[in-house]
1. From (1) free of Cβ contacts under 8 Å to residues at least 24 places away in the same chain; (2) away from chain D (no Cβ under 14 Å); (3) aliphatic (A, V, I, L, M), pick out the condition that doesn't hold for C:LEU299.
2. Can you confirm whether the range B:302-319 contains a residue that is farther than 16 Å from B:ALA65 by Cα and among the acidic types (Asp, Glu)?
3. Among the listed residues C:VAL220, C:VAL254, C:VAL233, identify the single one that is more than 12 Å from every other protein chain (Cβ to nearest Cβ), under 18 Å from the mean Cα position of the chain (by Cα) and not charged (D, E, K, R).
4. Could you tell me whether the range C:240-249 includes any residue that is among the small types (Gly, Ala, Ser), away from chain B (no Cβ under 14 Å) and open to solvent by less than 10 Å² (accessible area, probe 1.4 Å)?
5. Please go through (1) touching a strand residue (DSSP E or B) at 6+ places or on another chain (Cβ under 7 Å); (2) at pLDDT 95 or above; (3) under 22 Å from A:ILE208 (Cβ atoms) for A:ALA318 and return the number of the only condition it doesn't satisfy.
6. Can you pull out the strands (runs of 3 or more DSSP E) entirely within the range C:49-140 that have at least 3 residues that are open to solvent by less than 20 Å² (accessible area, probe 1.4 Å)?
7. Which of the residues belonging to the range D:10-27 are over 21 Å from D:VAL332 (Cα atoms) and assigned to a loop (DSSP other than H, G, I, E, B)?
8. Might you check whether a residue that is modelled with pLDDT of 95 or more, in contact with a helix residue (DSSP H, G or I) (Cβ under 7 Å, 6 or more places away or on another chain) and among the hydroxyl-bearing types (Ser, Thr, Tyr) occurs anywhere in the range B:37-52?
4 protein chains.
Amino acid sequence: MKAYQLTAQTGPEALACIELPQPQPQPHQVLVRVRATSLNYRDLMVADGRYGRSPLPLVPLSDGAGEITALGEGVTRWKVGDRVAGTFFQGWQAGPLPREVSDTALGGALNGMLAEFVALSEEGVVAIPSHLSFEEAATLPCAGVTAWQALVTRGKVSADETVLLLGTGGVSTFALQFAKMHGARVIITSSSDEKLARAKALGADELINYRTTPDWEKEVFRLTNKAGVDQVVEVGGAGTFTKSLRAVAPEGQVHVVGGVTGFTSDVPLIDIIGRMAVVRGIYVGSRAMFEAMNRAIALHQTKPVVDRVFPFAQAPAAYRYQMSGGHFGKVVISI
Amino acid sequence: MKAYQLTAQTGPEALACIELPQPQPQPHQVLVRVRATSLNYRDLMVADGRYGRSPLPLVPLSDGAGEITALGEGVTRWKVGDRVAGTFFQGWQAGPLPREVSDTALGGALNGMLAEFVALSEEGVVAIPSHLSFEEAATLPCAGVTAWQALVTRGKVSADETVLLLGTGGVSTFALQFAKMHGARVIITSSSDEKLARAKALGADELINYRTTPDWEKEVFRLTNKAGVDQVVEVGGAGTFTKSLRAVAPEGQVHVVGGVTGFTSDVPLIDIIGRMAVVRGIYVGSRAMFEAMNRAIALHQTKPVVDRVFPFAQAPAAYRYQMSGGHFGKVVISI
Amino acid sequence: MKAYQLTAQTGPEALACIELPQPQPQPHQVLVRVRATSLNYRDLMVADGRYGRSPLPLVPLSDGAGEITALGEGVTRWKVGDRVAGTFFQGWQAGPLPREVSDTALGGALNGMLAEFVALSEEGVVAIPSHLSFEEAATLPCAGVTAWQALVTRGKVSADETVLLLGTGGVSTFALQFAKMHGARVIITSSSDEKLARAKALGADELINYRTTPDWEKEVFRLTNKAGVDQVVEVGGAGTFTKSLRAVAPEGQVHVVGGVTGFTSDVPLIDIIGRMAVVRGIYVGSRAMFEAMNRAIALHQTKPVVDRVFPFAQAPAAYRYQMSGGHFGKVVISI
Amino acid sequence: MKAYQLTAQTGPEALACIELPQPQPQPHQVLVRVRATSLNYRDLMVADGRYGRSPLPLVPLSDGAGEITALGEGVTRWKVGDRVAGTFFQGWQAGPLPREVSDTALGGALNGMLAEFVALSEEGVVAIPSHLSFEEAATLPCAGVTAWQALVTRGKVSADETVLLLGTGGVSTFALQFAKMHGARVIITSSSDEKLARAKALGADELINYRTTPDWEKEVFRLTNKAGVDQVVEVGGAGTFTKSLRAVAPEGQVHVVGGVTGFTSDVPLIDIIGRMAVVRGIYVGSRAMFEAMNRAIALHQTKPVVDRVFPFAQAPAAYRYQMSGGHFGKVVISI
């Protein structure tokens, strides 16, 4: 079978398309014919080493969807032909975050989904909603579950709340869909008026161009009648964290999800105390969260926002496109 | 001013329309010109004594909306002309249920809203959403807040959940609106196909006529693929409680809200244990819950379901109409 | 190996001690040499059929502790010689109650622990605290975890609270230990002044003999200065439920755990509503709860209350002693 | 009456003892004869301007206890002779943190307790436990409630958890008492072996001298068998925050309470994400939390740790002693 491997952590240039033996499902494993994968900012960091050392060579990418083509011994949860996606962490089924869970992350500690076939534990895949194509379903495991855990599992977002979203990448577009699904008011930022217009079409209530309004946290206060927002999905990192914190209401929640602009921020502790903010790390999520999200997506016939689909042969180009930051929603690779 | 008083707890026949001195706002009170009130099942019980002994004569009804026409000394939260509704409990602002809170209930321990003017604590009124008429706003204090506390404050309903509603009275129609606002799937029961059709128009996903499907809890299991529902708003009481309990999923919640069919039920404890059900009493709610609900209602421009508006002169007819059970949503008395 | 089997659900008389082939650990299973087991009220119900139909013949008892003597293929969590107890549910590791979990209960749907050897999933055993004997550790899986889930996992008992316990059986003595461990005030009932004296020695703050004080819920109110208690661990069932409910404070919790006096109770729904009680079923618990409990037991060097230890040959006598209700704490069978 | 006033925010030198007219209780106020007050780090910051601008002249100090000597009109909650303490925030009774609550803080926005008499709202005082002297009770309002909110109200500390405490000031000694009261294991740091020995006498399980063990977060990992701690009460601020964060287990909680070493810290967001830490600001607490804490203190007959009591005439010396950092527990001024 064909697969990509990272041979060094020096960026997408180190991606090599090679021939590997097709994996065989071990007891309690399923063999998945991968039909599509998607990219996350984390995959860029894995590729260039900012995410820490990975075992090399590594089949990259955490996210993928496909169909089950063979069952290992003792598998009871699945049958051949089932349409599934892998879970980001193979070792987090339900309950609180286990210790050492990152040792079970696809496309990081373990080989990932950028391959024609993968063998995964029967506990490490979920059924995908029937109205989604494989390309759409491939967007769910990292960005979708992250947004769901933040706003729904932990944040328990409700219709009396206002949510602040930063930018229009994969996590933020899912967060926009989930926040609106739960009736919340959404304020979203972007550097592009065109992207803001697309966000509005997806349901965003208030738009802020952070290029023309650099003090956007003050605009958030104006838009909320000085109340501040109840929740922020903080994907920005160092460059936005303090503003996000200052944008929240008393007991407001800042879900720290990513760090597009860097991972070390000066934090004004006094601003955490004075408003009794809750700053909470979100590390993707468990299989149970993925399954709950899928129920909601199926009920609402939600379509993930796919910006562009690259063919398998152009996987490095997909990486470069993701790096450009020009996308709105998710970048997908079809296999 | 004119007001109705209950002179005995023998039913609506005991309602007398009389002339009372107009109340004067004491320090920290506001004077409200009541413009509309609404009826709840509880008011029928107050009228015929099933709700326990009330001080007589009693101005009945917990629910009403109007405008502030005068301020007592030291009032800082309001100004003349503000449109407000009273809170069901004058003594529950925020936080957990206080002890002896029923001693502060309007139209029960205290005189209520079926009067041209009432004087209330400035802490015992809330601003009403600007898109609502007084008739619409008068439906909120008891039925609206009860549904909100059940599904949102306590139940934290989310879009991966299924909610079961019983009938189409005031609490259930609010619960339907709030469940859909949060993206949940709704199954609703009624004895009338016509009412079910109206519920469908309001967003209900699945309809069960409990007259033609008396084993409706089994139908609920069928509709949920044997999963059961995540939450029930239990307004029925003795006649429905056991079925409601048996309709819930593992860790499902039964919000016990009312008892249209009686208040003493045989409870199969084993059914509570085996599914680890959470059976929770809901006693209207606090002012903070009312305010949160109003934010959501304003954002969504939600219109409460008003079945029929009676003029002040026909208040006893409004009682009798509420007793008939023929209404869908709320019965209102304009003043 | 020797084991007991229930050959019919007609009571302890149907227990037969027989010779069975020693089980072999399958992949991901461990073989446990059982050293002690303990009895719960549920085991009496399994034996006489009140717990529903079990597959026959059945090796009974959910609770047991021993040491690992062999490992199946692929086992990574354990080594030979580890001291372990089985989990009540083999299929509940963490997170919320799974569907159909009772199909994985030891000594009910599955063969249990009253045997010299059992083979269990490596996910279905927990390490036991080193300061406990096997006899002591054998008391933990059902009664200990039930009490822990009720008061700690769900109840989040704290030192400003008062807890009401009914009687001095296995669950109640554990609940007493856990409530005191968290600083709560404990009121306990019994029909025996001698048992009450033993409860006092274990830390109970207030004692009520329900024989001499049949209106014990009123005494609870007196002892709490009319506040009521914050939590009840309801083991009594039909005969006590209503009183327990009436003994709780606003927003108080009634953990429904068992039904020594029957499982169908008249429930006054109005009492649930008026105090906004939370009535919650507790169905033993997950492995994660068991592990959390063991950390606390190890830190505090807590000793479970073992009333009496029967030798393996006298297992039927142990059943009859448990049936007599004369025990204080747990009845154990050594193997 | 006599009172101290801050006439400038230039440090304790700006404290002036003057004669002021005795306040008269307004409607719904009580007059309190203050018998003792206590100091917090925040009071040093108010005195030297680091806490922001206060209205001058200002009677300082948030914490004080005394007895009620007169009642304003309409007071129902109290009688003359009741022993009470003021609440830190006069405007936070129950429920979530209100907006603009700091405008109601004693000894900050409002005049505080360093006076012979104060008039406070009847809603802004709590009864003090009868086993406490006024000096002991005066330590509760800020440091006690802060520790209680962190570990109990929000943290829901339990006996399977390990808590990390930094130093032995007022908040940390209360946190030590409350953590042990709930059965948790406590690791505490100090620069002084003598203080560590006193902490051990109060129940601390593990002691770390951070002077001799500057990488104390690694020692925490060693002591917890690489698990990390479940909760930290972070009083240190800039100098300790990152280490505290790195000391917590998956889903561990960092309660940000103060900033003895400064309020702006570099925060490694990646460490928040990877362990899904919860960093929560704690801003003293509500009256309801104060009352819950007092119930626990009364039940356990807990004695706050009073380091030293200064007479009223030596209030500036008390400030200087608090500034020295030499205290263990609380510094009190008797009036």
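1. For C:LEU299, the exception is condition (2).
2. Scanning the range B:302-319 turns up at least one residue that is farther than 16 Å from B:ALA65 by Cα and among the acidic types (Asp, Glu).
3. C:VAL233
4. Within the range C:240-249, one or more residues are among the small types (Gly, Ala, Ser), away from chain B (no Cβ under 14 Å) and open to solvent by less than 10 Å² (accessible area, probe 1.4 Å).
5. The number of the failed condition is (3).
6. Those strands (runs of 3 or more DSSP E) span C:63-71, C:83-86.
7. Hits for the range D:10-27 are D:THR10, D:LEU20, D:PRO21, D:GLN22, D:PRO23, D:GLN24, D:PRO25, D:GLN26, D:PRO27.
8. no
The values are calculated or read from the model by the stated rules, or taken from the named source; none is laboratory data. Bear in mind that the values here come from a model prediction, so they are computed numbers and not experimental data. A quick note on method: Cβ atoms are made from the backbone with ideal geometry, for glycine too, and the neighbour counts reach across all protein chains shown. These area figures cover heavy atoms from the full protein model, side chains too; ligands, DNA and RNA do not enter into them. Shrake-Rupley method; radii C 1.70, N 1.55, O 1.52, S 1.80 Å.
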